[in-house]
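Engineer: The following block contains the structure, expressed as structure tokens.
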Amino acid sequence: MTRWKKLLLAAGAVSLLLWARSALFIVDATNTALVARFKRPMATLYQPGLHAKLPWPIDTVYRFDRRLMVFDHTPTEYLTQDKKNILIDTFAVWRIAEEHSFLAKVRSTDNARILLLEIITAAVGEVVGTYPLESFINTDPEKVRFGDINQRIADACRTAAARDYGIDLIDVRINSFNFPLQNTASVIQRMRAERERIATKYRSEGEEEALKIEAETELETRKILAEARREAEQIRGEGEAAAIKIYGAAYEKDPEFYRFLRTLEAYGNILDDQSTIVLSTDSDLWKMIDQGAP
């Protein structure tokens, strides 16, 4: 056997060995595999480990990442229901759910990201366009609709991805939102004007309540003072009546002594240490001073 024949036989043996070796393939723990026979996918999905197939080019192995993957895109500008521009940053968590559909319509994770971008952008634009700006940012927490907006976006994206591409969207959410630079100043001005309006409203309500409290307090004060004066007049009247009654009883017991006391009180009211009077010797006052009380 010549040298060239030996080389040809050795090359043929190596080629045959390599061709036969292509019948074996390994599936990694992070992947699943689908075997296609003459480019037509077969039903069998292979789990991690060593498997056999018909050698190339009869059977071809397609591997798919079975892990959860994150899709995060740069902020995109959208228009709200009241025609306000906002920048929305979204993210999605997804995985390959149906390998046959994914292989037929998507084929690779790079293509999947492009398709997910189209699905998410369309869903976000459609949902955001049905809500006014105050549903995203508001001083009243009850008017913020972030939960409803996220849920509607997730439902729309999940349905389209599963139906068209065999992708399971675990979650889709708005990561953050902001305003375009050209709108930031006007938005801040509107927010400041809104807060000033609310402050003015609260201040007006406070002043109105203060005036109301002052009026009620003044009315209550007048009522209390009127009641106190009425009670004082009543007590004074009762005291004067009691005094008159006591004076009457005292007068009945000793009229002469009572007249004497009343005379002294009268003299005490009209005389002081600076007074000068001229009395006749037969006046009652002179007799009282000279002789004492009868």
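The values are calculated or read from the model by the stated rules, or taken from the named source; none is laboratory data. Quantities reported herein were computed from a predicted structural model and do not represent experimental measurements. Virtual Cβ from ideal backbone geometry, glycine too; neighbours counted across all protein chains shown.
Engineer: Does the range 162-175 include one or more residues that are in a helix (DSSP H, G or I) and either not assigned by TED's automatic domain parsing to the domain that holds Pro75 or not charged (D, E, K, R) (or both)?
Structural biologist: The answer is yes; a qualifying residue exists.
Engineer: Considering Glu231, Glu252, which residue is among the acidic types (Asp, Glu), surrounded by 10 or more Cβ atoms within 10 Å (Cβ to Cβ) and modelled with pLDDT of 70 or more?
Structural biologist: Working: Glu252 fails: surrounded by 10 or more Cβ atoms within 10 Å (Cβ to Cβ).
It is Glu231.
Engineer: In the range 151-167, which residues are touching a residue at least 12 places away in the same chain (Cβ under 8 Å) and loosely packed, with under 15 Cβ neighbours inside 10 Å?
Structural biologist: If the condition is that a residue be touching a residue at least 12 places away in the same chain (Cβ under 8 Å) and loosely packed, with under 15 Cβ neighbours inside 10 Å, then Asp164 is the only one that fits.
Engineer: Same structure, new question: Could you tell me which of the residues Ala122, Ala112 is crowded, with 16+ Cβ neighbours inside 10 Å, closer than 22 Å to Asn150 by Cα and assigned by TED's automatic domain parsing to the domain that holds Asp164?
Structural biologist: Residue meeting the stated conditions: Ala112.
Engineer: Further question on the same structure: Could you please let me know if Ala162 is aliphatic (A, V, I, L, M), over 18 Å from the mean Cα position of the chain (by Cα) and within 30 Å of Ala97 (Cβ to Cβ)?
Structural biologist: yes
Engineer: Only one of Glu194, Glu209 is in contact (Cβ under 8 Å) with a residue 12 or more places away in the chain, outside the structural domain of Asp140 (by TED's automatic domain parsing) and either farther than 30 Å from Ala92 by Cα or surrounded by 10 or more Cβ atoms within 10 Å (Cβ to Cβ) (or both). Can you tell me which? Give the steps one after another, and end with the answer.
Structural biologist: Numbers: Glu209 fails: in contact (Cβ under 8 Å) with a residue 12 or more places away in the chain.
Result: Glu194 is the single residue among Glu194, Glu209 that is in contact (Cβ under 8 Å) with a residue 12 or more places away in the chain, outside the structural domain of Asp140 (by TED's automatic domain parsing) and either farther than 30 Å from Ala92 by Cα or surrounded by 10 or more Cβ atoms within 10 Å (Cβ to Cβ) (or both).
Engineer: Need pairs with beta-carbon distance below 9 Å; first residue buried (at least 16 other Cβ atoms within 10 Å of the Cβ) and assigned to a loop (DSSP other than H, G, I, E, B) and within the range 28-43, second of a type in the set (Gly, Ala, Ser) and modelled with pLDDT of 80 or more; sequence gap 6+ or separate chains.
Structural biologist: Once the first residue is buried (at least 16 other Cβ atoms within 10 Å of the Cβ) and assigned to a loop (DSSP other than H, G, I, E, B) and sits in the range 28-43, no partner that is of a type in the set (Gly, Ala, Ser) and modelled with pLDDT of 80 or more comes close enough.
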